[in-house]
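The values are calculated or read from the model by the stated rules, or taken from the named source; none is laboratory data. Remember, it's a predicted structure, so these values are computed and weren't measured experimentally. Cβ coordinates were reconstructed from backbone atoms using ideal geometry, including for glycine residues, and neighbour counts include every protein chain displayed.
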There are 2 protein chains.
Amino acid sequence: MKRAVKPVVAVDVGGTKFIAAVVDGGGKMLSRVYCPTCAEQGPERVIKRLASTISQAVKESGAGMKSIGGISLAVAGIIDIKRGLITSAPNLPDWSNIRLGEILQDEFEVPAFLLNDGNAAALGEKRFGAGKGVDNLIYITVSTGIGGGLIINGELFNGTDGSAGEIGHMIVLADGPECNCGQHGCLEALASGTAIARLARERLGEGKQSILNEMVGGEIETLTAEHVTKAAKKQDTVALSVVCEAAYYLGIGLSNLVNLFNPQVIVIGGGVSAMGEMLLSPARKSMQEHAFKLPASTVRVVKSKLNPDAGILGAAAWAQQKQGGIK
Amino acid sequence: MKRAVKPVVAVDVGGTKFIAAVVDGGGKMLSRVYCPTCAEQGPERVIKRLASTISQAVKESGAGMKSIGGISLAVAGIIDIKRGLITSAPNLPDWSNIRLGEILQDEFEVPAFLLNDGNAAALGEKRFGAGKGVDNLIYITVSTGIGGGLIINGELFNGTDGSAGEIGHMIVLADGPECNCGQHGCLEALASGTAIARLARERLGEGKQSILNEMVGGEIETLTAEHVTKAAKKQDTVALSVVCEAAYYLGIGLSNLVNLFNPQVIVIGGGVSAMGEMLLSPARKSMQEHAFKLPASTVRVVKSKLNPDAGILGAAAWAQQKQGGIK
């Protein structure tokens, strides 16, 4: 007989806010609490606020702390899952020596886990979303940055340390534009929200006519991917060409994944993916052009079903899996 | 108790020759038979010759056909492992509708399997070579082309159809030099033996002074990667700079794999890798520069131990595993 799965606390640890939720074994959120991160205050105060957010989520769920099976944090960064450390995270720069997993475990007296947010989201889509029943699945989040995670033979693949799935930092144009990570030509530097905004600014800087100019009142440096999405929906030529360019590189990234993993499904989530077929359709085309025929004909490229909750639900699934209740 | 593992016939199906060997459960070759492929004669005659080569290998091994547990073919190309088909292979262009697995199974009345040669070699290194005891391992062969395979959680990962592990056709320089596969900027187009020869020809074409000119008697078009290796060993400046350039891109390919898989070990085999540290040392450096610190500090990049037998021994391991004798 399957052991009953206890509810767990899952936290999405972002650069600007936490979201803590108590989630039951079926992926239902029993509570959901927001709190600003204020990372600039340093780890000690942030951890205190994190702990009180967790306590509040437990309280609001109606479940006592004793009924909680574990705590699981999805963090944007390179996570050492064995030691429960954030080794490198752009939004939490001074956290590399803090054993966050241990601290929370001691505080709440339940097992606590850290994992990368893209990896968590992959598991979320596999367990509760667009990847249900799929054994070989890749999740990509296209947002300010690009992240992702790999489901291989039905299970989340974290790699040796926990840092597998850094899809956004696959270099597809060696010595290309600079990326947030300091490298050049990463997929993130060519197809993320940041890249889309940069491309649009470049085109406007060259004096191209576009409604984008009016949308930002001539202040080109304030232009974001959201502006480009809006303008593209209005058939603005500059915005459309920028989306096409990002989709071209996204498709090359997809083709690399298809040639490497031969997956059944690639799920695309994240803020930028909300523009839907305008991005996905040319990205699929570029993928088909660049990948081998057999794996390209097998794979389905679909939108996330859980967006934006994939990470938090996946983190919950991870803690539940670690309880031993679910394989 | 473990079931005894029968010896199997493993065949390396190359564009110029077959090598068929009877291999026991410990990875020992009991026989080894060569035969030219002569692919231009068409599938029917090639398959006949393949069958007689298999029979000869069984005969020379001293094992009767009745003691053979299966036949396993390692083929350079995109293999549909479920249907036992070669869907696309540059050296066997007219084979896409031939159910080679079934044909051999009917002929010899034992289970017959096809798999990609890079995937086979990955399994070979894991079972008998540089990857013994390693759970997360990537194998790369750097030869005329670049191939590879993935060992994930201790097992060969073939992907959904059998085409996973096409490391050579990961695009690292979008719209870069043309690849043998028809795409542009694949790792194979930048770091394989073919790429090394092309780069050297380009430098000589520009009028650069080099002992390579004398080595090929001024006939630049006859220049190969072997010439470049020999000249580099003699400290020829042009040859050294070509090797450095190939190693730079190989390192970018490695960094992509490190960021995606966070592996424990990357094993490098293939003819070009025989030049050893001259290639591997700058490739490791380039990988360290381009990958995230945590996974880059974990991974070991080592030379193949089974080169050039990794494929054939891995094919044998695959058939033995399919017998159920070995996990």
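Descriptive notes on the structure:
- Residue match in segment B:258-267 (condition: in the same structural domain as B:Arg203 (by TED's automatic domain parsing) and touching a Pro at 6+ places or on another chain (Cβ under 6 Å)): yes
- The set of residues from segment A:150-191 being facing chain B (nearest Cβ under 7 Å), surrounded by fewer than 24 Cβ atoms within 10 Å (Cβ to Cβ), in contact (Cβ under 8 Å) with a residue 24 or more places away in the chain and assigned to a loop (DSSP other than H, G, I, E, B) comprises just one member, A:Asp161.
- Long-range neighbours under 6 Å by Cβ, at least six apart or interchain, first residue polar (S, T, N, Q) within segment B:219-247, second at pLDDT 95 or above and part of a helix (DSSP H, G or I): B:Thr224/B:Ala197
- Residues of segment A:192-240 that are part of a helix (DSSP H, G or I), closer than 18 Å to A:Gly276 by Cβ and of a type in the set (Ser, Thr, Tyr): A:Thr229 alone.
- Count - residues of segment A:256-297 that are farther than 20 Å from A:Ala121 by Cβ and touching an Asp or Glu at 6+ places or on another chain (Cβ under 8 Å): 5
- Qualifying residue in segment B:243-260 (condition: part of a helix (DSSP H, G or I), of a type outside the set (Lys, Arg), touching a Cys at 6+ places or on another chain (Cβ under 9 Å) and away from chain A (no Cβ under 14 Å)): no
- Given (1) within 14 Å of chain A (Cβ to nearest Cβ); (2) among the aliphatic types (A, V, I, L, M); (3) farther than 19 Å from A:Ile167 by Cα; (4) surrounded by 22 or more Cβ atoms within 10 Å (Cβ to Cβ), index of the condition B:Leu123 fails: (1)
- Within segment B:30-55, being in contact (Cβ under 8 Å) with a residue 12 or more places away in the chain and not in a helix (DSSP H, G or I) holds for B:Leu30, B:Ser31, B:Arg32, B:Val33, B:Tyr34, B:Cys35, B:Pro36, B:Thr37, B:Gly42.
- Among (1) farther than 20 Å from A:Gly311 by Cβ; (2) at pLDDT below 95 - the single one A:Pro90 does not satisfy: (1)
- Any chance A:Ala39 is touching a helix residue (DSSP H, G or I) at 6+ places or on another chain (Cβ under 7 Å), outside the structural domain of A:Leu150 (by TED's automatic domain parsing) and modelled with pLDDT of 95 or more: no
- Selected residue (criterion: nearest to B:Ile152 (Cα to Cα)) from residues of segment B:262-298 that are touching a strand residue (DSSP E or B) at 6+ places or on another chain (Cβ under 6 Å) and facing chain A (nearest Cβ under 9 Å): B:Pro263
- Filtered residue count, segment B:281-309, keeping only those that are aliphatic (A, V, I, L, M), under 23 Å from the mean Cα position of the chain (by Cα) and surrounded by 21 or more Cβ atoms within 10 Å (Cβ to Cβ): 5
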